[in-house]
Amino acid sequence: MSIYVDNAATTKLSEGAAKIMIKHLSETFGNPSSLYTIGQEAKEVLEQAREDIAKIINADQREITFTSGGSEADNQAIRSAAYFGKRKGKTHIISTAFEHHAVLHTLDHLKGEGFEITLLDVHENGIVTADEVEKAIREDTALVTVMFANNEIGTIQPIREIGAVCKKYGVIFHTDAVQAIGHLPIDVEADNIDMLSASAHKFHGPKGTGFLYARKGVPLINIIDGGAQERGKRAGTENVPGIAAMAYALKDAVDNMEKNNAIIIKKRDALIEGLSEIPHCALNGDRDKRLPGNVNFCFEGIEGESLLLLLDDKGIMASSGSACTSGSLDPSHVLLAIGRVHDVAHGSLRLSLSEDITDDDVKYIIESVKEVVEYLRSFSPIWRDLVSGKKQFIL
Ligand SMILES: *Cc1c(COP(=O)(O)O)cnc(C)c1O
């Protein structure tokens, strides 16, 4: 038995994307900046990918800059908007407490450079409201950055409404859409988005490839200096095979979104229902406004790490939260942001599904998690204290 349910960490490269990648690795090896024919052939592949991606999110191709992934796109977007604002005396930035570290750590750096950061509360359900964003906006607000969907608990933010508020006050709106793109419909015009980060490996494309959408009029600063690639906004020879494969994977994901989501949502709901039967557990994040493939639970009285290791023994590949925090003993900043106390936050499990999951997989996962949670509780000192009444149950 081998079930991969960690698609929020990364997805398997699709066969189609792999084929495209291999083709361009060998056939279209020219440098897109070279003027002779094979260079120009690579340039054509690059520009076709740019056009295809732009069309999918309803942007202009000149508004797409290719990057090495979501982290770089987040860094470039946030720094660009921050320095653009600073030139006009605006040094205030609004974000949320449960952003990806690519956003939070960039904001930390900017704080050190004199910017003032407001991190909005995301409440117990893991959702910030447009109203709260509006209340936080000031004369000197340069940027609002709110993720489209959270990578740990899957909650979907009211992006269109937040974008509308930003538009009303003339504040740049960036969204880290890495978890959403290819899984939820996105239209940068209708959704009032000025800047958007995306990463190919979260929608069955290759790792190390992503893009930043920046609306015309929002000037980008360079994170990487060098040659004049990407209209002078991102130096370095473009990853042509990766970019072509990303465009293919995104189109494939969007074309099949409805069909895939119908399957995934059914399995997600079955998993939530089955796992809810475990005593003293709780679903993390809003029950309905969540990504089709996200299941995230806390189980009281156990350690998430041990749960993962025992599930791995059973062939189930899952996560306790984000890949970035595994290996550290700190509980997830996302679970703390929605008000889980340390003890409870430690006992978390994230299952992130893709369309290949079967009913048998779902059944097996539910049985396995039930069995492992019961087993771990059987010798957990915390669980003993809870059962004996020495400690109060929280969940
Ligand atoms: C994965 C992820 C990133 C980082 O993307 P990389 O391409 O791995 O750098 C950023 N934000 C979110 C929400 C993510 O899930």
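The values are calculated or read from the model by the stated rules, or taken from the named source; none is laboratory data. Everything numeric in this text was worked out from a predicted model, so none of it was measured. No Cβ is skipped: glycine too gets one built from the backbone with ideal geometry, and neighbour counts run over all protein chains shown.
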Practice prompt. Would you be able to tell me the number of residues in segment 133-156 that are in contact with a strand residue (DSSP E or B) (Cβ under 7 Å, 6 or more places away or on another chain) and closer than 27 Å to V295 by Cβ?
Written response: 10
Discussion item. Please verify whether A337 is aliphatic (A, V, I, L, M) and touching a helix residue (DSSP H, G or I) at 6+ places or on another chain (Cβ under 6 Å), treating the condition exactly as stated.
Written reply: no
Discussion item. Here's a check for you: in segment 343-360, which residue that is more than 21 Å from the chain's Cα centre (by Cα) and surrounded by fewer than 19 Cβ atoms within 10 Å (Cβ to Cβ) is modelled with the lowest pLDDT?
Written reply: D343
Discussion item. If I go through segment 1-16 residue by residue, how many of them are of a type outside the set (A, V, I, L, M, F, W, C), within 17 Å of L309 (Cα to Cα) and away from the ligand (no atom under 12 Å from the Cβ)?
Written reply: 2
Practice prompt. Taking the options K90, K55, name whichever one is basic (K, R), more than 22 Å from F148 (Cβ to Cβ) and more than 16 Å from the chain's Cα centre (by Cα).
Written response: K90
Worksheet item: Under 7 Å by Cβ, and 6 or more places apart or on different chains, what pairs join a residue from segment 326-342 that is at pLDDT below 95 with one that is β-branched (V, I, T)?
Response: S332/T325; V341/I394
Worksheet, complete the sentence: Only one of V188, V165 is assigned by TED's automatic domain parsing to the domain that holds S95, touching a residue at least 40 places away in the same chain (Cβ under 8 Å) and either more than 16 Å from the ligand (Cβ to nearest atom) or part of a loop (DSSP other than H, G, I, E, B) (or both), namely V188
Worksheet item: In segment 17-113, which helices (runs of 4 or more DSSP H) lie fully inside it and hold 2 or more residues that are at negative phi, at pLDDT 95 or above and within 16 Å of the ligand (Cβ to nearest atom)?
Response: 70-86, 101-112
Response to the item:
The number of residues in segment 347-373 that are outside any loop (DSSP other than H, G, I, E, B), in contact (Cβ under 8 Å) with a residue 24 or more places away in the chain and not basic (K, R) is 14
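Of all residues in segment 129-161 being within 16 Å of the ligand (Cβ to nearest atom) and among the hydrophobic types (A, V, I, L, M, F, W, C), which is farthest from D191 (Cα to Cα)?
Step one: filter segment 129-161 for residues within 16 Å of the ligand (Cβ to nearest atom), giving 145-157, 159.
Filter again for among the hydrophobic types (A, V, I, L, M, F, W, C), leaving 146-149, 153, 156, 159.
Values: V146: 13, M147: 13, F148: 11, A149: 14, I153: 22, I156: 13, I159: 6 Å.
Looking at the filtered set, the residue picked out is I153.
Residue under question is G347, and the condition is that it be away from the ligand (no atom under 16 Å from the Cβ), touching a Cys at 6+ places or on another chain (Cβ under 6 Å) and more than 26 Å from F203 (Cα to Cα); does it hold? Show your work before the answer.
Numbers: away from the ligand (no atom under 16 Å from the Cβ): yes; touching a Cys at 6+ places or on another chain (Cβ under 6 Å): yes; more than 26 Å from F203 (Cα to Cα): yes.
Yes.
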Worksheet item: Where in segment 201-310 are the strands (runs of 3 or more DSSP E), entirely inside, with at least 1 residues that are closer than 22 Å to V178 by Cα?
Response: 210-214, 294-299
Discussion item. Would you confirm, using the coordinates I've provided, whether E152 is surrounded by fewer than 17 Cβ atoms within 10 Å (Cβ to Cβ) and over 14 Å from A82 (Cα atoms)?
Written reply: no
Worksheet item: Checking G126 against (1) in a helix (DSSP H, G or I); (2) within 15 Å of the ligand (Cβ to nearest atom), which test does it fail?
Response: (1)
Discussion item. Condition (residue is within 19 Å of T11 (Cα to Cα), in contact with a helix residue (DSSP H, G or I) (Cβ under 8 Å, 6 or more places away or on another chain) and crowded, with 24+ Cβ neighbours inside 10 Å) applied to segment 183-192: is it met by at least one residue?
Written reply: yes
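May I ask you to verify whether I181 is closer than 15 Å to Y213 by Cα, within 16 Å of the ligand (Cβ to nearest atom), at pLDDT 95 or above and more than 15 Å from the chain's Cα centre (by Cα)?
On the way: closer than 15 Å to Y213 by Cα: yes; within 16 Å of the ligand (Cβ to nearest atom): yes; at pLDDT 95 or above: yes; more than 15 Å from the chain's Cα centre (by Cα): no.
For I181, the condition - closer than 15 Å to Y213 by Cα, within 16 Å of the ligand (Cβ to nearest atom), at pLDDT 95 or above and more than 15 Å from the chain's Cα centre (by Cα) - is not met.
Only residues that are more than 30 Å from V369 (Cβ to Cβ) and in contact with an Asp or Glu (Cβ under 8 Å, 6 or more places away or on another chain): list them for segment 3-22, please. Let's see the steps before the verdict.
Step one: filter segment 3-22 for residues more than 30 Å from V369 (Cβ to Cβ), giving 15-22.
Residues satisfying the conditions are G16, A17.
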